[in-house]
Amino acid sequence: MIRLKSKREIIIMQKAAAILRQAFERLQPAVREGVTTLELDRIAEEAIRRSGGIPAFKGYRGFPATLCVSVNEEVVHGIPSRRRLQTGDLASLDLGAKFEGYYADAARSYPVGKGSAEAMKLIRVAEEAFRAGLQAVRGPARRIGDISHAVQAVVEKNGFSVVRDYVGHGIGQAIHEEPQIPNYGKAGQGPRIEPGLAVAIEPMVTAGDPAVQTLEDGWTVVTRDGRWASHYEDTVVFTEDGPVNLTGGN
Ligand code: MG
């Protein structure tokens, strides 16, 4: 069942989203040569708690950290560790916060130092795909499939693939609510988009094949072919006036 949000609930979600925006403002400059992914996790947790929020992922189904850090061929759900980022790496950071009972969720991918041409293209295409997905649902009578189709079209036009095994999601009093927001599909299909719908739209883009697998740690999702991946995510709420990007700003 899809639970539409009231204006009061949306105001609280805006606050949860603002906490994430502030956290990413601290994280982005910290993604540099030599930083450990655990240090990034500490920065993320401090930023969220200082703003009165609660890390959404820590303890979620047993996940041990605040931040997911997925490097290079890692797609999502990477566990922070003593690994030091190196120049040329591609780091995808996924972060969720809870505030007064409501969640926001966002992800950004960054190069460490100067990224390769392919890394920079992966980063750019994931964001472009997100923006195309959002643009596709600015008018009336739109459906979730319009987002899915637009995301897939941008990614594949650029010669990349969209991951099938993980999808975007509704969000609110739970971090993962209905409906699912696949990054592939047909326009005009799926649930109707109505005012009060809140979703996390999150293209996961791979340079090669879309197939992924989970490592023995039970969390880290990597590409099967070892090619690199990127991830971009924002929490969006639909209003009478159209979509509002809570975590990204419009
Ligand atoms: Mg998400």
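Could you check the range 151-167 and list, in sequence order, the residues that are touching a Phe, Trp or Tyr at 6+ places or on another chain (Cβ under 6 Å) and touching a residue at least 40 places away in the same chain (Cβ under 8 Å)?
Kept after step one, since they are touching a Phe, Trp or Tyr at 6+ places or on another chain (Cβ under 6 Å), are these residues of the range 151-167: 152, 162.
The one that is touching a Phe, Trp or Tyr at 6+ places or on another chain (Cβ under 6 Å) and touching a residue at least 40 places away in the same chain (Cβ under 8 Å): Val162.
Consider Arg8 carefully, then state whether it is without any contact (Cβ under 8 Å) to a residue 60 or more places away in the chain, part of a helix (DSSP H, G or I) and more than 24 Å from Gly113 (Cα to Cα). So that I can check it myself, show each step before the final result.
Working: without any contact (Cβ under 8 Å) to a residue 60 or more places away in the chain: yes; part of a helix (DSSP H, G or I): yes; more than 24 Å from Gly113 (Cα to Cα): yes.
For Arg8, the condition - without any contact (Cβ under 8 Å) to a residue 60 or more places away in the chain, part of a helix (DSSP H, G or I) and more than 24 Å from Gly113 (Cα to Cα) - is met.
Condition first: closer than 21 Å to Ala104 by Cβ and either more than 16 Å from the chain's Cα centre (by Cα) or away from the ligand (no atom under 15 Å from the Cβ) (or both). Now tell me which residues in the range 139-151 satisfy that.
If we filter the range 139-151 for residues that are closer than 21 Å to Ala104 by Cβ, which is where we start, we get 144, 147, 151.
Across the range 139-151, the qualifying residue is only Ile144.
Any residue at all in the range 197-209 that's over 25 Å from Gly88 (Cα atoms), surrounded by fewer than 19 Cβ atoms within 10 Å (Cβ to Cβ), touching a residue at least 40 places away in the same chain (Cβ under 8 Å) and of a type in the set (A, V, I, L, M)? Can you show your working first?
Here is the first cut: in the range 197-209, the ones over 25 Å from Gly88 (Cα atoms) are 197-201.
This time we only want the ones that are surrounded by fewer than 19 Cβ atoms within 10 Å (Cβ to Cβ), so: none.
No, that holds for no residue.
So that you can scan it fast, the table gives a plain yes or no per residue for (1) part of a helix (DSSP H, G or I); (2) surrounded by fewer than 19 Cβ atoms within 10 Å (Cβ to Cβ):
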{"residue": "Gln28", "(1), (2)": "yes, yes"}
{"residue": "Gly34", "(1), (2)": "no, yes"}
{"residue": "Glu39", "(1), (2)": "yes, yes"}
{"residue": "Glu46", "(1), (2)": "yes, yes"}
{"residue": "Lys58", "(1), (2)": "no, yes"}
{"residue": "Ala65", "(1), (2)": "no, no"}
{"residue": "Cys68", "(1), (2)": "no, no"}
{"residue": "Ser81", "(1), (2)": "no, yes"}
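For the range 193-228, enumerate the residues that are under 26 Å from Ala104 (Cα atoms) and among the aliphatic types (A, V, I, L, M).
Ile193, Leu197, Ala198, Val199, Ala200, Ile201, Met204, Val205, Val212, Val221, Val222
I'd like to know if the range 198-216 contains one or more residues that are of a type in the set (Ser, Thr, Tyr) and more than 25 Å from Val137 (Cα to Cα).
Yes, there is a match, as at least one residue in the range 198-216 is of a type in the set (Ser, Thr, Tyr) and more than 25 Å from Val137 (Cα to Cα).
Within the range 100-114, is even one residue under 30 Å from Gly190 (Cα atoms), surrounded by 21 or more Cβ atoms within 10 Å (Cβ to Cβ), in contact with a His (Cβ under 9 Å, 6 or more places away or on another chain) and of a type in the set (Gly, Ala, Ser)?
Taking every residue of the range 100-114 in turn, at least one turns out to be under 30 Å from Gly190 (Cα atoms), surrounded by 21 or more Cβ atoms within 10 Å (Cβ to Cβ), in contact with a His (Cβ under 9 Å, 6 or more places away or on another chain) and of a type in the set (Gly, Ala, Ser).
Quick check on my filter: what residues within the range 152-192 are assigned to a loop (DSSP other than H, G, I, E, B), surrounded by fewer than 21 Cβ atoms within 10 Å (Cβ to Cβ) and more than 16 Å from the ligand (Cβ to nearest atom)?
Once the filter is applied, which keeps residues that are assigned to a loop (DSSP other than H, G, I, E, B), surrounded by fewer than 21 Cβ atoms within 10 Å (Cβ to Cβ) and more than 16 Å from the ligand (Cβ to nearest atom), the range 152-192 yields Asn158, Gly159, Tyr184, Lys186, Ala187, Gly188, Gln189, Gly190, Pro191.
No value in this document is a laboratory result; all are computed from the given coordinates. Nothing here was measured: the structure is a model prediction, and the numbers come from that model. Note that we place each Cβ from the backbone using ideal geometry, even for glycine, and neighbour counts take in every protein chain shown.
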